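The values are calculated or read from the model by the stated rules, or taken from the named source; none is laboratory data. Since the model is a prediction, treat every value here as computed from it, not as a measurement. In this analysis, Cβ positions are derived from the backbone assuming ideal geometry, glycine residues included, and neighbour counts consider all displayed protein chains.
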Amino acid sequence: MESILPVLNAIDSFMWGPPLITLLVGTGIFLTVRLGLLQVVRLPLALKLIFKAKNKGEGDVSSFKALCVALAATVGTGNIVGVATAVKVGGPGALFWMWVGPFVGVARKYGEGLRAMTYRSTDDKGEIAGGPMFYIENGMGRKFRPLAIFFAFACILVAFFGIGTFPQVNAIVDSMEISFGLPKYATDIGITLLIAAITIGGLQSISRVASKIVPFMAVFYIIICAILIISHASAIPDALNLIITSAFTGEAAVGGFAGSTIMIAMQNGIARGVFSNESGLGSAPIAAAAAKTKWPAEQGLVSMTGTFIDTIIICSMTGLSLVLTGVWSGDYAGASMTSAAFAGDYGLLGSQFLTIALALFAFTTILGWNYYGERACIYLFGTKGVMPYRLIFIALVASGAFLKLEAIWVLADIVNGLMAIPNLIALIALSGVIVKETNLYLAHRHEEDEEDNMEHELN
């Protein structure tokens, strides 16, 4: 892997250059305008629907469980290691671009979730099948099937070699060794056995585990970050000023590198943000398609909260912790940088807290991406391809502990970009459908509210 790192870096720089960044941000802005700033105006409704969606339509799991599966895949090492990597390479300014990207990314995530419901199908076992490969083929037309096939292959590559395996496993075994002295091979064996046991049960098994772990791990991590941030409250104005100014001046990390440019900060902020929240990748709609709801826009609203929770809340808290504690300018990288931030305030207990959070984040991400890759495999090969896919996935999980971190992140970025391109094309092409379904749902909500008001007045 080390010998091909320069080649991977060259491909990555091209992949995440101006064209893809422009397409990502441009698609988000385009949908934001067409939907009337929906990510702001309808965010309260979206947050309410997480727990109060009626779940009366056809589907395999509730809206909440579908969101938990999506969050299981998105809330992972990107929130801890990815943020630290972005700050290391792009300076504090990368955080600003990590905020800009998700703001318009919420609109992308909404559109993905809505379309997944509109064009979902069933496989030969009667289970819901949905995601970009289906809304590309069924929404854009049969002639675009090659684009759908390209997406499905890219999705499997991400599951095998990107977000789904290597970065997660590597982060777990490294952190467990540093914090608790556990040998890498022992941790790796334990992870592999747990993943094998859960994924054999398919979506129902994954959703049950995700719906229990995801809320706990998110609240746990937010609390320990919040305590650290509050303890440095007096430094918050200066930290925010540094983040904003360095986004446009190319502020470099004094201990880690020199000469960071604005483009590097933007590139790393947006790439790491996409790695974390997956907005634009087309992964979350695969889980959203399985939700029990009659209204595509309703699941779109629930889906978009994933980007808000993942990046606007969790990634922001990680980034602020790094800047407030000053570890961003030292010699640390990846998980060790975030660990140093927590250890500085909490001592050894802080590093152990972080390790537990990181292990939970990464473990659930592996589960979520196993499901995404499996659905893409079913689209390409039918249900007969499921068992070979699962065996390969489990084997890759077992091998992920022994690969070099830098090469892992570069490879993950490349396959992420390949997956995003067909999905973003479909988002633009089907934007009219997104707007139409949104208007239908909002009209329905308005009618329901009027009926509720009339009943209230009569009573």
Legend entry - Residue check, ILE224 part of a helix (DSSP H, G or I) and surrounded by 13 or more Cβ atoms within 10 Å (Cβ to Cβ): yes
Legend entry - Selection from the range 1-28 of residues that are part of a helix (DSSP H, G or I), among the hydrophobic types (A, V, I, L, M, F, W, C) and more than 19 Å from the chain's Cα centre (by Cα): ILE4, LEU5, VAL7, LEU8, ALA10, ILE11, PHE14
Inset, instruction - Of all residues in the range 404-418, count the ones that are out of contact with any Pro (no Cβ under 7 Å at 6 or more places or on another chain), closer than 20 Å to THR364 by Cα and at pLDDT below 70. - result: 1
Legend entry - When residues of the range 411-439 are limited to those that are of a type outside the set (Asp, Glu) and farther than 17 Å from LEU31 by Cβ, the one surrounded by the most Cβ atoms within 10 Å (Cβ to Cβ): MET419
Inset, instruction - Please find, among PRO102, PRO92, the residue that is in contact with a Ser or Thr (Cβ under 8 Å, 6 or more places away or on another chain) and within 23 Å of PHE361 (Cα to Cα). - result: PRO102
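Conditions (1) at pLDDT below 90; (2) under 30 Å from PHE150 (Cα atoms); (3) of a type in the set (D, E, K, R); (4) crowded, with 24+ Cβ neighbours inside 10 Å, marked per residue:
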residue: ALA341; (1), (2), (3), (4): yes, no, no, yes
residue: GLY344; (1), (2), (3), (4): yes, no, no, no
residue: LEU348; (1), (2), (3), (4): yes, no, no, no
residue: GLY368; (1), (2), (3), (4): yes, yes, no, yes
residue: TYR371; (1), (2), (3), (4): yes, yes, no, yes
Inset, instruction - Hey, could you check the range 341-385 for residues that are in a helix (DSSP H, G or I) and in contact with an Asp or Glu (Cβ under 7 Å, 6 or more places away or on another chain) and say which is nearest to ALA84 (Cα to Cα)? - result: ILE378
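Can you work out which of the residues in the range 2-12 that are loosely packed, with under 14 Cβ neighbours inside 10 Å and of a type outside the set (D, E, K, R) is farthest from LEU411 (Cα to Cα)?
Within the range 2-12, the match that is farthest from LEU411 (Cα to Cα) is SER3.
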Legend entry - Pairs with Cβ under 6 Å, 6+ apart, first in the range 9-37 and under 20 Å from ASN439 (Cβ atoms), second part of a helix (DSSP H, G or I) and among the hydroxyl-bearing types (Ser, Thr, Tyr): ARG34/SER431
Inset, instruction - Enumerate the pairs (first residue in the range 126-140 and closer than 12 Å to ILE428 by Cα and among the aliphatic types (A, V, I, L, M); second residue anywhere and assigned to a loop (DSSP other than H, G, I, E, B) and modelled with pLDDT of 90 or more) with beta-carbon separation below 7 Å, excluding pairs fewer than 6 apart on the same chain, so at least 6 apart or on different chains. - result: MET140/LEU430
Legend entry - Residue under evaluation LEU324, criteria (1) modelled with pLDDT of 80 or more; (2) under 30 Å from GLU448 (Cβ atoms), criterion not met: (2)
Inset, instruction - Mind listing whichever residues of the range 375-385 are within 24 Å of the chain's Cα centre (by Cα) and surrounded by fewer than 24 Cβ atoms within 10 Å (Cβ to Cβ)? - result: ILE378, LEU380
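Here are SER207, SER260: which of them is modelled with pLDDT under 75, surrounded by 20 or more Cβ atoms within 10 Å (Cβ to Cβ) and not hydrophobic (A, V, I, L, M, F, W, C)?
The unique qualifying residue is SER260.
Matching residues to (1) part of a helix (DSSP H, G or I); (2) surrounded by 24 or more Cβ atoms within 10 Å (Cβ to Cβ); (3) free of Cβ contacts under 8 Å to residues at least 24 places away in the same chain; (4) at negative phi:
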| position | (1), (2), (3), (4) |
| --- | --- |
| PRO146 | yes, no, yes, yes |
| CYS155 | yes, yes, no, yes |
| ALA159 | yes, yes, no, yes |
| PRO167 | yes, yes, no, yes |
| ALA171 | yes, yes, no, yes |
| SER179 | yes, no, no, yes |
| LEU182 | no, no, yes, yes |
| TYR185 | yes, no, no, yes |
Inset, instruction - Give the range 37-69 a look and list any residue that's modelled with pLDDT under 80 and buried (at least 21 other Cβ atoms within 10 Å of the Cβ), or say none. - result: ALA53, GLY59, VAL61
Inset, instruction - State all residues of the range 95-118 that are crowded, with 24+ Cβ neighbours inside 10 Å and of a type in the set (Ser, Thr, Tyr); if no residue qualifies, say none. - result: TYR110
Inset, instruction - Sort out which residues of the range 341-394 are among the polar types (S, T, N, Q), touching a Lys or Arg at 6+ places or on another chain (Cβ under 8 Å) and under 20 Å from GLY76 (Cβ atoms), and write them in order of number. - result: ASN370
Inset, instruction - Report yes if some residue within the range 16-31 is at pLDDT below 80, over 30 Å from ASN370 (Cβ atoms) and surrounded by fewer than 24 Cβ atoms within 10 Å (Cβ to Cβ); otherwise report no. - result: yes
Legend entry - Filter pass, GLY400 being at pLDDT below 90 and of a type in the set (Gly, Ala, Ser): yes
